[in-house]
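Chemist: Dropping the structure in here first, questions after.
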Amino acid sequence: MRNEKTKFNHLHKMSIQEIVEMMNEEDASVAKNVKKNLPQISDAIELITDKLKNNGRLFYVGAGTSGRIGVMDACECVPTFGTPPELVQSIIAGGQNATNKSKENLEDQTKDARLALKQVAINKNDVVVGISASGTTPFVLAALDYAREKKSTTIGFSCNVPSPLLENVKVAIGVKVGPEILSGSTRLKAGTAQKMILNMISTTVMVKLGKVYQNMMVDVKTNNKKLMQRACKIVMKLGDVNMKEATDLLVKTDNQIKTAILMAKLGLTMESANKRLESVGGYLDQILED
């Protein structure tokens, strides 16, 4: 630890090239440390998937950088995987305004954490993931305490091992990232580790929920021109049709990609395609690979 601290002590005297090389070197170590926790991450994903399949919800809880990364991941599930906004939610100290304005002073407000979970009626079907680089954030610890009271499944994620956050949770994910190049700035390696792991969690959960076929976003929301083009390419590839046919099917189905694929590939009517999808819970592979 002493050598690592000394390594960064002369940051202010380094050239730009030296700083970026050092930061790149430190960032490269994050993936190696995350890899050590893949079994725990897999356990967390399995728990979350099971709960979401049974009418549960996923909540990320954090403060500061940790909270903002949780907000980002939760928000992106809606357009990427076509999930309802309530399926994956984020709770950040200071509320949603804290995403663009620093409110780190509110991370000590334990009552606010309990109230936030109470307002969404947290219950035994839900999963609460507490995220804190230090593993000591009062807001996050209070949220996990309340979640346990309501029999929710709890997961703790900290970059400080051991730490209080990793105690008394169903799954503990402790990633030792080591000292930050900028002392105490957890938006660096700790933030990178958090983003990497939340990417793994949300992406893998959505794959297991049938939101992905092969490696394509078959439930993506076509909210802009780029996403509309992506949807068209997916229907073309999986439905084996040309661009005009894919576009016409998307228009006819109100941009329901899975329905359009089945109509193209199997020659089904829209009603029949929707019934087939409903019968298998939306898992496209159970129809196309039957």
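Any read-out appearing in this document is the output of simple, stated calculations on the displayed coordinates, not a laboratory observation. Predicted, not measured: the structure shown is a model, and the values here were computed from it. Because the Cβ atoms are built from the backbone with ideal geometry, glycine has one as well, and the counts that use them run over all protein chains shown.
Chemist: Evaluate region 40-171: find the radius of gyration of its Cα atoms, find its Kirkwood radius, and give the ratio Rg to Rh. The partial results should precede the final answer.
Modeler: Details: Rg = 13.4 Å, Rh = 14.4 Å.
Rounded to two decimals, Rg over Rh is 0.93.
Chemist: Fewest first, what order do Met196, Met263 take by the number of other Cβ atoms within 10 Å?
Modeler: Values: Met196 17, Met263 24.
Fewest to most other Cβ atoms nearby, the residues stand as Met196, Met263.
Chemist: Most mobile of Leu166, Leu266, Leu47 per a Gaussian network model of the chain (Cα springs, under 10 Å)?
Modeler: Leu266
Chemist: Mind listing P(r) for region 157-290? All alpha-carbon pairs, 10 Å bins, whole percents.
Modeler: 12, 31, 20, 15, 16, 6, 0
Chemist: Related question: Over the alpha carbons of the chain, what is the largest minus smallest coordinate on each principal axis, giving the biggest first in Å?
Modeler: Rounded to whole Å, the extents work out to 67, 50, 35 Å.
Chemist: Gain in length, Leu38 to His12, computed as 0.36 nm per residue apart minus the alpha-carbon separation, to one decimal in nm?
Modeler: On the way: separation 26, 0.36 × 26 = 9.36 nm, distance 3.59 nm.
Taking Leu38 through His12 to full extension adds about 5.8 nm, to one decimal.
Chemist: Which of Asp285, Asp219 comes first, and how do the rest follow, when ranked by fewest Cβ neighbours within 10 Å? The partial results should precede the final answer.
Modeler: On the way: Asp285 13, Asp219 22.
The order, fewest Cβ neighbours first, is Asp285, Asp219.
Chemist: If you don't mind, another one. So between Glu149 and Gln229, what do we pick up on full extension, going 0.36 nm a residue minus the alpha carbon distance? Write down the numbers at each step before the final one.
Modeler: On the way: separation 80, 0.36 × 80 = 28.80 nm, distance 4.64 nm.
Extra length available between Glu149 and Gln229 comes to 24.2 nm.
Chemist: Give a residue-ordered list of calculated ³J(HN,Hα) values for region 268-285 (Karplus: 6.51 cos²θ - 1.76 cosθ + 1.60, θ = phi - 60°; whole Hz; x for Gly, Pro).
Modeler: 7, 6, 4, 5, 5, 4, 5, 5, 4, 4, 5, 5, 10, x, x, 7, 4, 5
Chemist: For the chain, with the dipole built from +1 on Lys and Arg beta-carbon atoms and -1 on Asp and Glu ones, taken about the Cα centre, which of Gly239, Asn223, Thr204 lies farthest toward the positive end?
Modeler: Asn223
Chemist: In a shell of Cβ-Cβ distance under 14 Å around Glu245, excluding Glu245 itself, what net charge do Lys and Arg (+1) and Asp and Glu (-1) give? Display every interim value, and only then the final one.
Modeler: Details: positive: Lys233, Lys237, Lys244, Lys252, Lys265; negative: Asp240, Asp248.
Net charge in that neighbourhood comes out at +3.
Chemist: Each label point is 7 Å from the Cα along the Cα-to-Cβ direction; what then is the distance between the points at Glu25 and Gln119, in nm?
Modeler: Computed distance between label sites Glu25 and Gln119 equals 4.6 nm.
Chemist: Here is a follow-up. Based on other C-beta atoms within 10 Å, arrange Glu26, Glu76, Glu149 from fewest to most.
Modeler: Values: Glu26 20, Glu76 16, Glu149 11.
Fewest-to-most Cβ neighbours within 10 Å comes out as Glu149, Glu76, Glu26.
Chemist: Taking Cα atoms, how many degrees apart are the long axis of helix 243-252 and the longest axis of the chain, rounded to 10 and kept between 0 and 90?
Modeler: That helix lies at roughly 90 degrees to the long axis.
Chemist: Relative to the longest principal axis of the C-alpha atoms of the chain, give the angle of the C-alpha long axis of helix 225-239, reported between 0 and 90° and rounded to the nearest 10°.
Modeler: 60
Chemist: Where in region 199-224 does the amide nitrogen come within less than 14 Å of the point 7 Å from the Cα of Asp285, taken along Cα to Cβ?
Modeler: 204-218
Chemist: Restricting the count to DSSP beta bridges whose residues both fall in the chain, what percent are antiparallel, rounded to a multiple of 5?
Modeler: Working: 2 of 21 bridges.
Bridges in the chain that DSSP calls antiparallel: roughly 10 percent.
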